[in-house]
Structures are given as structure tokens and as C-alpha cells.
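The values are calculated or read from the model by the stated rules, or taken from the named source; none is laboratory data. Here the structure is a predicted model, which means the values were calculated and not measured. Every residue, glycine as well, gets a Cβ built from its backbone with ideal geometry; the counts of neighbours run over all protein chains shown.
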Amino acid sequence: MPRYYEDKEEDGRACGGVREDLRQCLLESPCVLQENKSPKQCLREGHCRSLQVTFFACKRSVLDTRARFRGRKGY
């Protein structure tokens, strides 16, 4: 679920909004907070899966030449 803040720093990189939301989702997951695992381990276990798929689709669309006409996936 996208988070929009008025005073949020603008990330100029591709898929910056999805990246930030995925980072926040992982850091706020019970896997990291209660089990004290690293975000990388929690990502491998399947936490925040929908954002991970969205981030992958966005990064893939950067390399897709058709994205010039269709625009990037994600937000």
C-alpha cells in the first residue's frame, strides 16, 4: 500500500516509490521486529510479497524498450 508524504524526499532513481514502500514494509514486519532477522532473510521467507513483485515488474519495465510508449509499471 503506497505511502505518500508531503515532506517526503524525492527519490530520483527508477522505481523509487516502490523501493521505499518495500523497505518500510520489511522494516515494520513482525519478522524483523519480533524475530530479529535481517530484512533480506524476511524477504526470502516471503514477507511483503506483493510489493516485491511490483518492484520486480517496475525494474523489468526499465529495461523493456516498449516502456517508452507505455510508461513504467508501478508508481
Exercise. Which of (1) modelled with pLDDT under 90; (2) in a loop (DSSP other than H, G, I, E, B) is the odd one out, the single condition LYS59 does not satisfy?
Worked result: (2)
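Can you tell which of GLN52, GLN34 is exposed (fewer than 10 other Cβ atoms within 10 Å of the Cβ) and at pLDDT 90 or above?
Unique residue meeting the criteria: GLN34.
Can you name every residue in the stretch 33-46 that is closer than 10 Å to LEU22 by Cβ and of a type outside the set (A, V, I, L, M, F, W, C)?
Across the stretch 33-46, the qualifying residue is only PRO39.
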